[in-house]
Amino acid sequence: MSFLTRFAPSPTGRLHLGHAFSALTAYRAAEEAGGRFIVRIEDIDRTRCRPEFETGLLDDLAWLGLTWEEPVRRQSDHFDAYASALSRLYDLGVLYRCFRTRREIAEQSAGAPQEADAPDEAEAPPSQTFVQGSGNKIDDNHRNRPSEETPFAWRLSINNSQRLLGEEFARLEFVSEDVGPKPERRIIRVRPDLLSDVILGRKDTPASYHLAVVHDDALQEVSHVVRGDDLLSSTHVHVLLQRLLGLPTPIYRHHRLLTDEDGKRYAKRNRSLTLAALRADGVTPTEIRRRIGIDQ
Ligand code: GLU
């Protein structure tokens, strides 16, 4: 199998040291395997992504010394492809419309374990509603009768997926490798407790992080997904989605998250630690690598 990995940032702010660590970890994995490295712009959230952040992050990656294959795929150019994947899932009967607001879902899930997940997409615990066959009915997840204008999210029904896949559901698994030159492999069973009725689209946007990432990793023939372990619970959902959509499951390498001096993970709110700010202070790419423990 030829090795291809990717770094897939969302242009919602400038890159920080945590991103640099993730990008360099993936890049080094490709180098060690004699494989290929691509960058993908995950910008389906049209309210938060901005072109200047996209330009800025590509500039930061080049400054760090990374090179990647062109053209760079920009997800916002491919809504049609995600709409087809969404309608395929609809035809399978594993989607339902959810009219609850983020706040209502958060209240309902309060107390339930919340794994870190895809950026800003509120999770819903598995719906109890089973929709027979492929006919999608509005489920119980609305308070009042929704009007035509009421916004909604398309959610994946874990229950329906389980019914559809039967015994195979319990056998879903993926290969996980350690990060490093001689990665050890493990087979991980998909854990039902890490699955939730994630959002796969919205009334006006036929895509979400989960749908687009699964679609694109397959389309771009990504053999190894190298990303932070904050996305581990998402991987369990992604393996289910791959099975439902008939797509291959790549090998996953989840790396540890880089933390600051206080032990907190880097976030876009730590403005002073953006690569742009560090560059402006005269910090060199070599110093960045040393600081995040990726010496080369
Ligand atoms: N776009 C996601 C992020 O910026 C990363 C997705 C992935 O690596 O699968 O957090």
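At-a-glance table
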| item | result |
| --- | --- |
| Condition met for A212 (closer than 27 Å to L17 by Cβ, of a type in the set (A, V, I, L, M) and at pLDDT below 95) | no |
| Residue satisfying condition, being more than 11 Å from the ligand (Cβ to nearest atom) and touching a Phe, Trp or Tyr at 6+ places or on another chain (Cβ under 8 Å), within set E69, E32 | E69 |
| Meets criteria (within 21 Å of H255 (Cα to Cα) and more than 16 Å from the ligand (Cβ to nearest atom)) for L64 | yes |
| Residue in region 174-186 that is in a helix (DSSP H, G or I) and either within 12 Å of the ligand (Cβ to nearest atom) or in contact with a Ser or Thr (Cβ under 9 Å, 6 or more places away or on another chain) (or both) present | no |
| Residue tally, condition more than 10 Å from the ligand (Cβ to nearest atom) and either assigned to a strand (DSSP E or B) or not hydrophobic (A, V, I, L, M, F, W, C) (or both), over region 20-29 | 3 |
| Selection within region 1-19 - outside any loop (DSSP other than H, G, I, E, B) and within 13 Å of the ligand (Cβ to nearest atom) | T5, R6, F7, H16, G18, H19 |
| Yes/no for R155 being part of a loop (DSSP other than H, G, I, E, B), modelled with pLDDT of 60 or more, crowded, with 17+ Cβ neighbours inside 10 Å and more than 16 Å from the ligand (Cβ to nearest atom) | no |
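This table checks each residue for (1) out of contact with any Cys (no Cβ under 6 Å at 6 or more places or on another chain); (2) touching a residue at least 60 places away in the same chain (Cβ under 8 Å); (3) assigned to a helix (DSSP H, G or I); (4) exposed (fewer than 14 other Cβ atoms within 10 Å of the Cβ).
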{"site": "D45", "(1), (2), (3), (4)": "yes, yes, no, no"}
{"site": "T55", "(1), (2), (3), (4)": "yes, no, yes, yes"}
{"site": "A62", "(1), (2), (3), (4)": "yes, no, yes, yes"}
{"site": "E69", "(1), (2), (3), (4)": "yes, no, no, yes"}
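The values are calculated or read from the model by the stated rules, or taken from the named source; none is laboratory data. Quantities reported herein were computed from a predicted structural model and do not represent experimental measurements. So basically every Cβ, Gly included, is an ideal-geometry build from the backbone, and we count neighbours across all protein chains shown.
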